[in-house]
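Notes follow the structure.
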Amino acid sequence: MLGKLSWAAIPFSEPLPLISTAVVAIVILVALGIVTVKGWWPYLWREWLTSVDHKRIGVMYVTLGLVMLLRGFADALMMRSQQALAIGTAQGYLPPEHYNQIFSAHGTIMTGHCRSQG
């Protein structure tokens, strides 16, 4: 069902993906914790997540577009810094497989962002 996905696919020996995954997980848990502690779940569900109001849908669409733009920008920074550090015989800081994943994600995100803006 999951194809080639197994525990062997997780890069436990490479610190960069593990640290970035941990940071993203912590940020998500903190955000979910704040929403839970403040009791905002009913309001978010009723007024935003299930809304059919075109203004709220537009706000959510633009917000998601900005988040994806920032993600694409972060990918571009990682790709350019890898290229700058991998001059000559230097290997840079990203393994080839990770660079390929970043390149593909950047292309997918920015293509989707450009098509939604045009």
TODO: Identify, among L29, M60, F73, the residue whose Cα sits farthest towards the positive end of the charge dipole of the chain, taking +1 on the Cβ of Lys and Arg and -1 on the Cβ of Asp and Glu, with the dipole about the Cα centre.
DONE: M60
- [ ] With unit charges on the beta carbon (Lys/Arg positive, Asp/Glu negative), name the residue among Y99, Q82, W40 whose Cα is farthest towards the positive pole of the charge dipole of the chain.
- [x] W40
Task: Which label in (1) 1.06; (2) 1.13; (3) 0.96 gives the computed Rg/Rh (Cα atoms, Kirkwood Rh) - done: (1)
Open item on the list: Can you compute the helix-only [θ] at 222 nm over the chain? Use -39500 (n - 2.57) per DSSP H run of at least 4 residues, normalise by all residues, nearest 500 deg cm²/dmol.
Closed with: -23500 deg cm²/dmol
TODO: Could you go through the range 22-32 in sequence order and give the Karplus-derived ³J(HN,Hα) for each residue, using 6.51 cos²θ - 1.76 cosθ + 1.60 with θ = phi - 60°, rounded to whole Hz, and x for Gly and Pro?
DONE: 5, 5, 4, 4, 5, 4, 5, 5, 5, 4, 5
Open item on the list: Quick check: at a probe of 1.4 Å, how many percent of the accessible area of the range 51-99 sits on carbon and sulfur atoms?
Closed with: 73 percent
Task: Dipole of the chain, positive end: most advanced residue of G3, T111, P15 [Cβ charges, Cα centre] - done: T111
Open item on the list: If the only charges are +1 at each Lys and Arg Cβ and -1 at each Asp and Glu Cβ, what is the size of the charge dipole of the chain around the Cα centre, to the nearest 20 debye?
Closed with: 300 debye
Task: Mean Cα-pair separation over length for the range 3-118, i.e. relative contact order, pairs under 8 Å, 6 or more apart, % - done: 20 percent
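The values are calculated or read from the model by the stated rules, or taken from the named source; none is laboratory data. Please read all numbers here as calculations on a predicted model, not as lab measurements. When we count neighbours, we look across all protein chains shown, and the Cβ atoms used for this are built from the backbone with ideal geometry, even at glycine. Calculation scope for accessible area: heavy atoms of the full protein, side chains included, ligands and nucleic acids excluded. Shrake-Rupley method; radii C 1.70, N 1.55, O 1.52, S 1.80 Å.
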